[in-house]
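Comments concern the structure below.
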Amino acid sequence: MKRSENTTGDPEAASLYSLLPSINRLLLAPEFAIILQSESHSTVVRAMRDVLFRIRQEIAEGLHTPASLNSFLIGLHLAVTREISQSKRYSLRRVINATGVILHTNLGRAPLSASALSHIQEIAAGYSNLELDLETGERSRRDVHTEELLLRLLNFNAGKLKASSTAPPRSAVVVNNCAAATFLALNSLAEGAEVIVSRGELVEIGGGFRIPEILAKSGARLREVGTTNRTKLADYESAISSDTGLILRVHQSNFSMEGFTERPTLQDLVSLGRRRGIPVFDDQGTGLVCSLDDLGARAEPTLFDSVDADLVSASGDKLLGGPQCGLLVGKADLIDRIRKNPLLRALRVDKLTYAALEATLGDYLSEKADSVPVVNMIRLSPLDIQKRCEWVADQVCSDKLFAEAVPVLSLIGGGTAPSARLQSSAVSLRHSTLQAQTLLHTLRRLDPPVIGRVSDDAVLLDLRTVEPEFDAILATLLRQAIGNGSHSSVRE
C-alpha cells in the first residue's frame with residue numbers, strides 16, 4: 001500500500017518529493033541488484049518502502065534541503081541495507097551495563113557464570129534426563145537435579161558442614177521466581193488460615209508485588225502485628241490462635257528502617273513457632289551465600305542465617321547469581337504438601353533453568369564463588385576499576401568528547417542491600433555539542449547498546465558492571481558514537 005505524502009502545498013517540499021525515486025526504478029539499479037542476490041525481493045521492497053517513508057516524513061518536517069537530500073539518495077542502498085539488517089535483529093539483545101547497578105532488574109539481573117552457560121548449551125543441544133531416573137528407567141522428579149545441591153549449600157558454611165544429624169529431613173522445589181515461591185507456599189500451607197506478618201514487613205517491591213495482595217490471592221488471611229517500626233516477639237505470640245497457619249517473616253527488599261526500631265530475630269520466631277506448633281516461613285529473598293558484612297552496610301541475611309526456619313524462599317537471579325527462579329527449601333513434610341499443589345506444575349521451571357542453577361550451585365560448593373559474576377563484581381577492587389576507567393578515557397578523549405575517570409558509588413540493586421554503596425569509578429563523558437541525555441540516547445543505539453546514566457550534565461559509565469574484556473570494545477563503541485553523534489538523515 002502506498003503511504004500518503006504531506007505536501008501541504010509547499011512548493012519547495014513538492015520539489016523535494018519529486019526527487020525521490022520509485023521502487024521499480026530502484027530495483028533496476030546495479031547497487032540494489034547486488035542486494036537482491038542475498039535478500040528476497042519482498043524483503044528488499046519492504047525495506048525500500050520503510051526508508052522512503054521516513055524520508056518523506058523528514059521532508060514534511062522541513063529537515064531536508066535539495067543538497068542534503070541528494071547526498072542521502074547517493075547512499076540510499078546503504079540505508080536500505082541497514083534497514084534489512086535491523087529488521088533481522090533480535091528484540092532481546094546483549095547490552096553493556098555501565099550503570100554501576102549490579103543486579104539491574106531492567107537489564108536481566110544476574111549474568112551467569114561460564115559453567116552455567118556451558119551446562120545450558122550442553123542440555124539445550126539435545127535430550128536430557130530431566131524427568132528420567134537413569135538407574136530404574138522410570139519417571140522421576142525434575143527437582144532431583146538441584147535438590148541435593150541446595151540442601152548441601154544450606155549446610156555449607158565457611159568450608160565446613162554444619163552438624164545436622166538431629167535436624168528433621170529437608171527437601172526443595174524450584175519454581176519460576178521468588179514471588180511464585182511465596183504464593184505457592186502460602187496457598188499450599190495456609191489457604192483459609194491466618195498468616196501472621198509484622199506491619200513493618202508488609203512491603204511492596206518493583207512491579208507492584210505487594211505482600212498483602214499476594215496473601216489475599218493465595219487464599220490465606222493476613223494477621224498484622226506490631227507497628228511499622230517496632231514489632232516485638234510478644235506481638236507474634238499474642239496473635240497466635242487456632243486459626244494460625246504460618247508465621248511469615250518477609251525480607252524488606254528495597255528499603256531499610258533506622259532509628260527507633262525493633263524486630264525479633266528469625267531464631268526467636270522459630271523458637272516461638274516450635275513452642276506453639278506453628279511453622280515459620282522465612283522469605284529470605286536474595287539467595288545471598290557470601291556475606292556482605294565487610295561492605296559496612298546494613299547486615300544482609302544469608303541463606304545460612306535462614307537454615308533453622310521451617311521453610312525458606314529465595315530468588316535465584318539476585319545475590320545467588322544464578323538464573324531467574326524461586327527456591328523453596330524446608331521440612332520434608334511441608335515441601336511434600338507444596339508438591340501436591342496442582343499449581344506447582346504451572347509454576348515449574350524448564351530444563352535450561354535447572355542446568356544453569358545446577359552449575360551455579362556447583363560453583364559455590366566447589367569453592368569457586370568468584371566465578372559467579374555477581375560475586376566477582378561486588379568484590380572488585382576500586383583501584384582496578386579506576387585504572388580501567390583511566391585507560392578507556394584516554395582511548396576516547398578528543399576535541400569532540402571530553403572523557404575522564406571520576407569516583408562514583410555503585411549499587412547492588414535488585415531489591416537487595418538498599419543501604420550498601422560500593423566505592424567505584426566511572427568514565428565521565430561530555431560532548432562538545434550534544435547534551436548529556438542526547439549522548440546517552442546515542443550510546444543506547446550502538447551495537448551492542450551501552451547503558452549508562454547521567455549525573456551533573458555528564459554521562460557516567462561505571463565499569464564495575466562491565467566485564468574487563470569489554471573495555472576495548474567499549475572504547476571502540478565510544479569512538480563510533482562520536483562520529484555518529486550528529487543528526488542522521490534516516491532515523492534508525
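The values are calculated or read from the model by the stated rules, or taken from the named source; none is laboratory data. On a predicted model such as this, the values are computed, not experimentally measured, just so you know. Note: ideal-geometry Cβ built from the backbone for every residue, glycine included; neighbour counts use all protein chains shown. In case anyone asks, the SASA skips ligands and DNA or RNA and just uses the protein heavy atoms, side chains included. Shrake-Rupley method; radii C 1.70, N 1.55, O 1.52, S 1.80 Å.
If I go through the stretch 377-389 residue by residue, how many of them are surrounded by 17 or more Cβ atoms within 10 Å (Cβ to Cβ) and either of a type in the set (A, V, I, L, M, F, W, C) or in contact with an Asp or Glu (Cβ under 7 Å, 6 or more places away or on another chain) (or both)?
Pass one, the stretch 377-389, residues surrounded by 17 or more Cβ atoms within 10 Å (Cβ to Cβ): 377-378, 380, 385-386, 388-389.
Add one more test, that the residue is either of a type in the set (A, V, I, L, M, F, W, C) or in contact with an Asp or Glu (Cβ under 7 Å, 6 or more places away or on another chain) (or both), and what stays is 377-378, 380, 385, 388-389.
Qualifying residue count, the stretch 377-389: 6.
So Asn129 fits all but one of (1) modelled with pLDDT of 95 or more; (2) open to solvent by 50 Å² or more (accessible area, probe 1.4 Å); (3) assigned to a helix (DSSP H, G or I); what number is the exception?
(3)
So, in the stretch 390-436, how many residues would count as being of a type outside the set (S, T, N, Q), touching a helix residue (DSSP H, G or I) at 6+ places or on another chain (Cβ under 9 Å) and in a loop (DSSP other than H, G, I, E, B)?
Summing the residues that are of a type outside the set (S, T, N, Q), touching a helix residue (DSSP H, G or I) at 6+ places or on another chain (Cβ under 9 Å) and in a loop (DSSP other than H, G, I, E, B) in the stretch 390-436 gives 7.
Residues Leu92, Leu63: which one is of a type in the set (A, V, I, L, M, F, W, C) and surrounded by 11 or more Cβ atoms within 10 Å (Cβ to Cβ)?
Of the residues listed, the single one that is of a type in the set (A, V, I, L, M, F, W, C) and surrounded by 11 or more Cβ atoms within 10 Å (Cβ to Cβ) is Leu63.
Just to be sure, is Ala309 open to solvent by less than 60 Å² (accessible area, probe 1.4 Å), in contact with an Asp or Glu (Cβ under 6 Å, 6 or more places away or on another chain) and either outside the structural domain of Leu246 (by the TED database) or not in a strand (DSSP E or B) (or both)?
yes
What number of residues in the stretch 265-299 are open to solvent by 10 Å² or more (accessible area, probe 1.4 Å), part of a loop (DSSP other than H, G, I, E, B) and of a type outside the set (A, V, I, L, M, F, W, C)?
Going through the stretch 265-299 one residue at a time, the tally reaches 6.
Find the residue count for the stretch 95-114, including only residues that are of a type in the set (Gly, Ala, Ser) and open to solvent by 60 Å² or more (accessible area, probe 1.4 Å). If you could, list the steps in order and put the result at the bottom.
Step one: filter the stretch 95-114 for residues of a type in the set (Gly, Ala, Ser), giving 98, 100, 108, 110, 113-114.
Pick out the ones that are also open to solvent by 60 Å² or more (accessible area, probe 1.4 Å) and you get 114.
The total comes to 1.
In the list Glu358, Glu367, which residue meets the criterion of being closer than 25 Å to Gly322 by Cα, acidic (Asp, Glu), in contact (Cβ under 8 Å) with a residue 12 or more places away in the chain and surrounded by 15 or more Cβ atoms within 10 Å (Cβ to Cβ)?
Values: Glu367 fails: surrounded by 15 or more Cβ atoms within 10 Å (Cβ to Cβ).
That would be Glu358, the only listed residue that is closer than 25 Å to Gly322 by Cα, acidic (Asp, Glu), in contact (Cβ under 8 Å) with a residue 12 or more places away in the chain and surrounded by 15 or more Cβ atoms within 10 Å (Cβ to Cβ).
Quick grid of which residues meet (1) under 22 Å from Thr265 (Cα atoms); (2) touching a helix residue (DSSP H, G or I) at 6+ places or on another chain (Cβ under 8 Å); (3) touching a residue at least 40 places away in the same chain (Cβ under 8 Å); (4) surrounded by fewer than 22 Cβ atoms within 10 Å (Cβ to Cβ):
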position: Val175; (1), (2), (3), (4): no, yes, yes, no
position: Ala179; (1), (2), (3), (4): no, yes, yes, yes
position: Asn187; (1), (2), (3), (4): no, yes, yes, yes
position: Leu202; (1), (2), (3), (4): yes, yes, yes, yes
position: Arg210; (1), (2), (3), (4): no, no, no, yes
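Please find, within the stretch 397-430, the residue that is farthest from the chain's Cα centre (by Cα) out of those that are surrounded by 23 or more Cβ atoms within 10 Å (Cβ to Cβ) and on the phi > 0 side of the Ramachandran plot.
Across the stretch 397-430, the extreme among qualifying residues is Ala417.
Give the residue that is nearest to the chain's Cα centre (by Cα), with candidates limited to residues of the stretch 431-475 that are surrounded by fewer than 17 Cβ atoms within 10 Å (Cβ to Cβ) and basic (Lys, Arg).
Arg444
Filtering the stretch 77-89 down to residues that are assigned to a helix (DSSP H, G or I) and without any contact (Cβ under 8 Å) to a residue 24 or more places away in the chain, which residue is least open to solvent (accessible area, probe 1.4 Å)?
Out of the qualifying residues, it is Ser85.
Would you please name the residue that is farthest from Ser238 (Cα to Cα), looking only at residues in the stretch 184-208 that are in a helix (DSSP H, G or I) and at pLDDT 95 or above?
Checking each candidate, the answer is Leu184.
Got at least one residue in the stretch 347-355 being at pLDDT below 95, among the basic types (Lys, Arg) and touching a Ser or Thr at 6+ places or on another chain (Cβ under 9 Å)?
No, that holds for no residue.
Can you find a residue in the stretch 342-349 that is crowded, with 24+ Cβ neighbours inside 10 Å and outside any helix (DSSP H, G or I)?
No: the stretch 342-349 contains no residue that is crowded, with 24+ Cβ neighbours inside 10 Å and outside any helix (DSSP H, G or I).
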